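*Asks:* I'd like to ask some things about the structure below.
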Amino acid sequence: MPVAAVESCPVIIQSLGSSSSLKAGLLAALAQSGSSNYWLIIKYQNASQKPISGIRFTVVYLNSVREPVNTEDVTTSGGILKPGKSFQIIQPDSGQSVVGWVARILFADGTTWDDDGTKSCANGK
C-alpha cells in the first residue's frame, strides 16, 4: 500500500481522557459502548484534505506517578471521516490517566500514514 504524502498530522486529537462523569456515561449509553464506571473518550478531527476510512490510536494508561502500565490500540468503526469533520470514540476503560497518539491512518484512496508516537500528533505526552 502506498504511503500518503500529507501534512505531519492529518488527524488532530482534540481531547483524550478518562471520565467517570454523568455526561460521559450518557454519551457511552448513546454510543452503545457498554457499561462501566469509567469511559475512555477520544475526540478527533480530520485535519487533512483527504477523506479517511480508518484510524488506529495508541493509548497508554498511566499510574499515579505517570508511568506507563498498559498500552491499548483503539480503532475507529466504519464510515468515512470527511476533511474538516470531527468525531469521537467512547468505550469502557479502567479510569486511569491516559496519553496517546494517532498510530495509523487509512485514507479512502488506499494510502496510509503511520506514527510510532514520535511525530507531533500526540496528546498529553
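The values are calculated or read from the model by the stated rules, or taken from the named source; none is laboratory data. Treat the numbers as computed from the prediction; the structure is a model and nothing was measured. So basically every Cβ, Gly included, is an ideal-geometry build from the backbone, and we count neighbours across all protein chains shown. Accessible surface is based on the protein model in full, side chains and every heavy atom, while ligands, DNA and RNA are left aside. Shrake-Rupley method; radii C 1.70, N 1.55, O 1.52, S 1.80 Å.
*Asks:* Residue check: is Ser15 open to solvent by 70 Å² or more (accessible area, probe 1.4 Å), among the small types (Gly, Ala, Ser) and modelled with pLDDT of 65 or more?
*Replies:* On the way: open to solvent by 70 Å² or more (accessible area, probe 1.4 Å): no; among the small types (Gly, Ala, Ser): yes; modelled with pLDDT of 65 or more: yes.
Criteria not met by Ser15.
*Asks:* Do we find a residue being modelled with pLDDT under 90, open to solvent by less than 60 Å² (accessible area, probe 1.4 Å) and not basic (Lys, Arg) anywhere in the range 46-58? Quick ask: steps written out before the conclusion?
*Replies:* Our first condition is that a residue be modelled with pLDDT under 90; within the range 46-58, this holds for none.
Scanning the range 46-58 turns up no residue that is modelled with pLDDT under 90, open to solvent by less than 60 Å² (accessible area, probe 1.4 Å) and not basic (Lys, Arg).
*Asks:* Same structure again: Please list, ordered by first then second residue, the pairs with beta carbon atoms under 6 Å, 6 or more apart or interchain, first in the range 104-115 and among the hydrophobic types (A, V, I, L, M, F, W, C), second open to solvent by 20 Å² or more (accessible area, probe 1.4 Å) and in a loop (DSSP other than H, G, I, E, B).
*Replies:* Pairs that qualify, where the first residue is among the hydrophobic types (A, V, I, L, M, F, W, C) and the partner is open to solvent by 20 Å² or more (accessible area, probe 1.4 Å) and in a loop (DSSP other than H, G, I, E, B), are Phe107/Lys50; Ala108/Pro51; Ala108/Ile80.
*Asks:* Could you please find all residues in the range 27-45 being modelled with pLDDT of 65 or more and either in contact with a Lys or Arg (Cβ under 9 Å, 6 or more places away or on another chain) or loosely packed, with under 11 Cβ neighbours inside 10 Å (or both)? Steps first, please.
*Replies:* Of the range 27-45, the ones modelled with pLDDT of 65 or more are 27, 29-30, 38-45.
Of everything in the range 27-45, those that are modelled with pLDDT of 65 or more and either in contact with a Lys or Arg (Cβ under 9 Å, 6 or more places away or on another chain) or loosely packed, with under 11 Cβ neighbours inside 10 Å (or both) turn out to be Leu30, Gln45.
The rows are residues; the columns are (1) open to solvent by 50 Å² or more (accessible area, probe 1.4 Å); (2) within 11 Å of the chain's Cα centre (by Cα).
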| residue | (1), (2) |
| --- | --- |
| Pro68 | yes, no |
| Thr71 | yes, no |
| Thr75 | yes, yes |
| Gly78 | yes, no |
| Ile90 | no, yes |
| Ser97 | yes, no |
| Phe107 | no, no |
| Thr111 | no, no |
